[in-house]
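Enquirer: Supplied in structure tokens, the structure appears directly below.
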Amino acid sequence: MIRIKKGIISCFLLMSSLGFSQATKPNFVIVIADDHGVYHSTPFGSTIIQTPNMQKLANEGMRFNNAYVASPACAPSRAALFTGLMPYNNGIVGNHEMELKPNVTSLIPSLIEQGYEVVFQNKVAHGSKKHHGGYIPKEVKILDKTFRKDTTLTVIDNFLKNRDNTRPLALFIGCVDTHTPFPPAGKSRIKADDVVINNRIYTTPEAQLEMSRYIQAVENIDIKLGNIRSMSNTYLDKKNTMTIYTSDHGMAWPFAKWSLYETGIRTPLIISWPGKIKPNTTTGAMVSWVDFIPTLIDIAGGETSKHIDGKSFANVLFGKKNKHRKVIYATHKGDKAKNVYPIRSVRVDNWKYIRNLHPEFAYTTHTDVLATEIPRTKGYDLHGGQHWDSYIKAAKTDQAAADFLIDYHTNPAEELYNIELDPFEQNNLAGNPENSKKLKSLRKMISKRMIEVNDDESLSGPPILLENFSIMESKIK
């Protein structure tokens with residue numbers, strides 16, 4: 001079997017076997033959503049959300065059932081993507097932390113060295129210009145520096161129509177529709193009353209309305225994806241263009257974004273390339289976002305350092321292998337003074353272990369904190385806090401609502417799940433004697449990993465202690 005990272009000869013042989021030479025390197029069109037959950041599209045099992053363009057992409061290419069991000073927050077997730085390094089190895093662990101470690105470099109120059117024109121449109125990286133300077137080299141063309149929901153398509157069309165197409169293109173497009181605020185109430189295709197919410201989350205009319213707005217946001221991205229593919233087919237060589245759809249982490253919703261549950265760190269990933277990737281295929285291979293750019297570089301004919309965490313999964317794409325990673329790690333720290341709740345996790349085979357470093361803290365996120373601050377903050381709608389009031393109100397008279405809030409705000413020190421049998425991680429097996437051997441093994445892996453990456457267990461800001469948490473104190477004590 002030909003391996004990719006074995007120098008110029010093996011790279012040439014691989015490309016020859018795929019039917020193209022270095023003179024005809026493929027274009028890459030990468031669409032990155034913001035806060036789009038893994039289950040929230042037709043290819044990944046949704047029957048209520050209409051995403052025909054995502055389904056078409058899956059029909060034409062490969063769907064990854066076990067693709068993971070490094071962290072369930074924008075900045076560390078995207079920094080890991082572009083450096084090929086996990087958060088504690090690249091230095092950006094908490095959201096809005098802006099400093100890469102000394103000597104940490106971007107992988108983008110490796111694509112540029114292979115002759116690529118690298119272009120960003122909308123939210124691809126995250127944060128200020130200083131942050132961009134950490135892993136976005138000056139050679140990258142940035143079409144639009146604002147993170148808006150209404151600029152993506154016309155800007156891309158004008159660029160593609162007028163570009164000098166002598167170089168292969170790596171076009172990264174950010175779609176922020178699924179980041180709050182979602183489309184206004186009343187603009188959704190689906191009625192709020194028809195929305196069914198996961199049974200772990202207490203259902204209120206307000207929560208159904210919020211979810212209906214999110215569903216419309218997903219469908220808006222799907223429309224954009226279809227338009228982007230139409231432009232790509234018009235201006236680029238369809239047979240020599242790889243199209244990728246993915247998201248930086250899960251939805252801003254309980255037990256998703258800002259958590260290390262599967263719905264927080266497992267991400268949709270669909271990749272198509274006519275004639276090179278077998279249509280309508282699905283893989284269970286575990287891959288990470290740190291593998292993403294190394295894979296593109298490999299396909300382009302370049303090499304990446306052996307000292308990064310990322311490694312190419314091109315052999316999975318081209319049907320040469322059906323496995324990639326044996327272990328998936330993830331970490332969450334916080335966002336300055338919000339979401340201060342450090343968590344670590346590891347997945348091996350079907351087993352998932354989560355360590356909550358400080359179970360004495362109240363688990364909180366932007367959503368509930370902003371919803372409970374009075375007067376309402378500017379970020380109330382921006383982070384989806386509208387429906388949270390309905391949970392708090394219901395908890396005063398309904399024990400089921402109170403139980404949901406307790407489940408949300410409190411965690412044990414350790415959690416253990418069989419993902420195959422319990423995909424939504426509702427049955428914690430950490431206290432089950434017959435799983436003690438597995439628990440001990442995964443616990444040891446996390447402890448070793450934390451030492452290896454110099455995990456300092458630092459906090460992003462002041463925590464909220466459960467004993468002082470007003471919403472919970474009457475229910476917990």
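Enquirer: Just for segment 259-276: of the residues that are open to solvent by less than 10 Å² (accessible area, probe 1.4 Å) and part of a strand (DSSP E or B), which one is nearest to Asn356 (Cα to Cα)? Outline the logic, then answer.
Expert: As a first pass, look at segment 259-276 and keep what is open to solvent by less than 10 Å² (accessible area, probe 1.4 Å): 259-260, 262, 264-265, 267-273.
Among the residues that remain, those that are also part of a strand (DSSP E or B) are: 269-272.
Working: Leu269: 28, Ile270: 31, Ile271: 34, Ser272: 38 Å.
Here the residue is Leu269.
Enquirer: Can you tell me how many residues within segment 326-342 are of a type outside the set (Phe, Trp, Tyr) and open to solvent by 50 Å² or more (accessible area, probe 1.4 Å)? Break it down stepwise before answering.
Expert: As a first pass, look at segment 326-342 and keep what is of a type outside the set (Phe, Trp, Tyr): 326-328, 330-340, 342.
After this cut, where a residue has to be open to solvent by 50 Å² or more (accessible area, probe 1.4 Å) as well, the list is 326, 336-338.
Final tally of qualifying residues: 4.
Enquirer: For a quick check of your reading: which helices (runs of 4 or more DSSP H) sit entirely within segment 387-477 and have at least 3 residues that are closer than 30 Å to Gly284 by Cβ and open to solvent by less than 20 Å² (accessible area, probe 1.4 Å)?
Expert: Numbers: elements: 388-395, 399-409, 436-452, 470-476.
In segment 387-477, 436-452 are the helices (runs of 4 or more DSSP H) which contain 3 or more residues that are closer than 30 Å to Gly284 by Cβ and open to solvent by less than 20 Å² (accessible area, probe 1.4 Å).
Enquirer: Another question, then. Residues of segment 176-193 being outside any loop (DSSP other than H, G, I, E, B) and loosely packed, with under 12 Cβ neighbours inside 10 Å, which ones? Give the derivation first.
Expert: From segment 176-193, those outside any loop (DSSP other than H, G, I, E, B) are 192-193; that's our starting set.
Answer for segment 176-193, where residues must be outside any loop (DSSP other than H, G, I, E, B) and loosely packed, with under 12 Cβ neighbours inside 10 Å: just Asp193.
Enquirer: Tell me, please, whether a residue that is among the small types (Gly, Ala, Ser), touching a residue at least 40 places away in the same chain (Cβ under 8 Å) and open to solvent by 20 Å² or more (accessible area, probe 1.4 Å) can be found in segment 237-251.
Expert: As a first pass, look at segment 237-251 and keep what is among the small types (Gly, Ala, Ser): 247, 250.
Filter once more, keeping what is touching a residue at least 40 places away in the same chain (Cβ under 8 Å): 247, 250.
Now drop any that are not open to solvent by 20 Å² or more (accessible area, probe 1.4 Å), which leaves none.
No.
Enquirer: Going residue by residue through segment 213-222, is there one that turns out to be over 14 Å from the mean Cα position of the chain (by Cα), within 30 Å of Ile406 (Cβ to Cβ) and open to solvent by 10 Å² or more (accessible area, probe 1.4 Å)? Quick ask: steps written out before the conclusion?
Expert: Here is the first cut: in segment 213-222, the ones over 14 Å from the mean Cα position of the chain (by Cα) are 213-222.
When the remaining residues are screened for being within 30 Å of Ile406 (Cβ to Cβ), the result is 213-215, 217-218.
The next check asks that each one be open to solvent by 10 Å² or more (accessible area, probe 1.4 Å); those that pass are 213.
Yes, the conditions are met somewhere in segment 213-222.
Enquirer: In the set Ser345, Ser305, which member is surrounded by 24 or more Cβ atoms within 10 Å (Cβ to Cβ), of a type in the set (Ser, Thr, Tyr) and out of contact with any helix residue (DSSP H, G or I) (no Cβ under 7 Å at 6 or more places or on another chain)? If you could, list the steps in order and put the result at the bottom.
Expert: Numbers: Ser305 fails: surrounded by 24 or more Cβ atoms within 10 Å (Cβ to Cβ).
One residue alone meets the criteria, Ser345.
Enquirer: Can you tell me how many residues in segment 20-62 are β-branched (Val, Ile, Thr) and within 25 Å of Asn95 (Cβ to Cβ)? Before the answer, list the steps.
Expert: Kept after step one, since they are β-branched (Val, Ile, Thr), are these residues of segment 20-62: 24, 29-32, 38, 42, 47-49, 51.
Checking which are within 25 Å of Asn95 (Cβ to Cβ) leaves us with 30-32, 38.
Qualifying residue count, segment 20-62: 4.
Enquirer: Here's a follow-up. Scan segment 225-236 residue by residue and report those that are surrounded by fewer than 20 Cβ atoms within 10 Å (Cβ to Cβ) and over 11 Å from Asp157 (Cα atoms).
Expert: Gly226, Asn233
Enquirer: Have a look at Ile32, Ile4 and point out the one that is at pLDDT below 95 and crowded, with 18+ Cβ neighbours inside 10 Å. First the steps, then the outcome.
Expert: Numbers: Ile32 fails: at pLDDT below 95.
One residue alone meets the criteria, Ile4.
Enquirer: Looking only at segment 50-100, count every residue that is under 24 Å from Ile277 (Cα atoms) and of a type in the set (Asp, Glu) and tell me the total.
Expert: 1
Enquirer: Output yes when any residue across segment 277-295 is open to solvent by 10 Å² or more (accessible area, probe 1.4 Å), of a type outside the set (D, E, K, R) and in a loop (DSSP other than H, G, I, E, B), and no when none is.
Expert: Yes, because at least one residue in segment 277-295 is open to solvent by 10 Å² or more (accessible area, probe 1.4 Å), of a type outside the set (D, E, K, R) and in a loop (DSSP other than H, G, I, E, B).
Enquirer: Determine the pairs where a residue that is under 14 Å from Tyr341 (Cβ atoms) and among the small types (Gly, Ala, Ser), located within segment 400-416, has a partner that is at pLDDT 95 or above and not in a loop (DSSP other than H, G, I, E, B) with Cβ atoms under 6 Å apart, the partner being 6 or more residues away or on another chain.
Expert: Here the result reads Ala413/Asn356, each pair linking segment 400-416 to a residue that is at pLDDT 95 or above and not in a loop (DSSP other than H, G, I, E, B).
Enquirer: Now a separate question. Report whether or not Thr152 is over 24 Å from Lys336 (Cα atoms), open to solvent by less than 30 Å² (accessible area, probe 1.4 Å), at pLDDT below 90 and not charged (D, E, K, R).
Expert: Working: over 24 Å from Lys336 (Cα atoms): yes; open to solvent by less than 30 Å² (accessible area, probe 1.4 Å): yes; at pLDDT below 90: yes; not charged (D, E, K, R): yes.
The answer is yes for Thr152.
The values are calculated or read from the model by the stated rules, or taken from the named source; none is laboratory data. Just so we're clear, the structure is a prediction, and the values are computed from it rather than from any experiment. Neighbour counts are summed over all protein chains in view; Cβ atoms, including those assigned to glycine, are modelled from backbone coordinates with ideal geometry. Quick note on the areas: whole protein, heavy atoms, side chains included, nothing else; ligands and nucleic acids left out. Shrake-Rupley method; radii C 1.70, N 1.55, O 1.52, S 1.80 Å.
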